[in-house]
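What follows is one structure encoded as structure tokens, with my remarks underneath.
The values are calculated or read from the model by the stated rules, or taken from the named source; none is laboratory data. All values derive from a computational prediction rather than experimental measurement. No Cβ is skipped: glycine too gets one built from the backbone with ideal geometry, and neighbour counts run over all protein chains shown. These accessible areas exclude ligands, DNA and RNA; they are computed on the full protein's heavy atoms, side chains included. Shrake-Rupley method; radii C 1.70, N 1.55, O 1.52, S 1.80 Å.
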Amino acid sequence: MPNSPRNARQEFEKARIRGAKYFDLDEVASPNELGLKHMMPSSEQFKEACDQLGITKEDSVVLYDVHGVFSSPRALFTFKAFGHPKAFVLNGGLPAWRAAGLSVDESQLPSGE
């Protein structure tokens, strides 16, 4: 998040839903001459990011935030804009997942994931 001291990648590495992949809106976003964050990526940038994560248009993609619902709707908009019909937001994010008593993966990720 802009102007925030938090590190979303570190938060993901600390605890995540089993099988989750890290999708970074800042890394995927197109550069903006005004320095604006989270700009819609080009179709090539988005496809490359999905390819790196092994995501195809046939896959179901569930997007979630570590702190409830914050940036996952923007990620959902991006997936939908590029034709992913089975993209969804997890209502309440990781906190709701935990509150429902569902398991969280806290194991160390192999380097490069």
Quiz item: Which is at pLDDT 95 or above and either farther than 17 Å from Asp24 by Cβ or basic (Lys, Arg) (or both), of Gly101, Gly68, Gly93?
Solution: Gly101
Practice problem: For Ala49, indicate whether it is touching a strand residue (DSSP E or B) at 6+ places or on another chain (Cβ under 8 Å), assigned to a helix (DSSP H, G or I) and either surrounded by 14 or more Cβ atoms within 10 Å (Cβ to Cβ) or polar (S, T, N, Q) (or both). | Solution: no
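Could you list all residues from segment 64-113 that are in a strand (DSSP E or B) and over 15 Å from Glu11 (Cα atoms)?
Ala87, Phe88, Val89
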Quiz item: Is there a residue in segment 22-37 that is part of a loop (DSSP other than H, G, I, E, B), closer than 26 Å to Arg98 by Cα and not hydroxyl-bearing (Ser, Thr, Tyr)?
Solution: yes
Practice problem: Working only within segment 1-24, note down all residues that are at pLDDT below 85 and in contact with a His (Cβ under 9 Å, 6 or more places away or on another chain). | Solution: Pro2, Arg6
Quiz item: Since Glu27 meets every condition but one in (1) open to solvent by 90 Å² or more (accessible area, probe 1.4 Å); (2) in contact with a Ser or Thr (Cβ under 8 Å, 6 or more places away or on another chain), which condition does it not meet?
Solution: (2)
Practice problem: Give me the pairs, please: first residue somewhere in segment 18-29 and among the β-branched types (Val, Ile, Thr), second residue anywhere and not in a helix (DSSP H, G or I), beta-carbon distance under 6 Å, and either six or more positions apart or on two chains. | Solution: Val28/Pro41
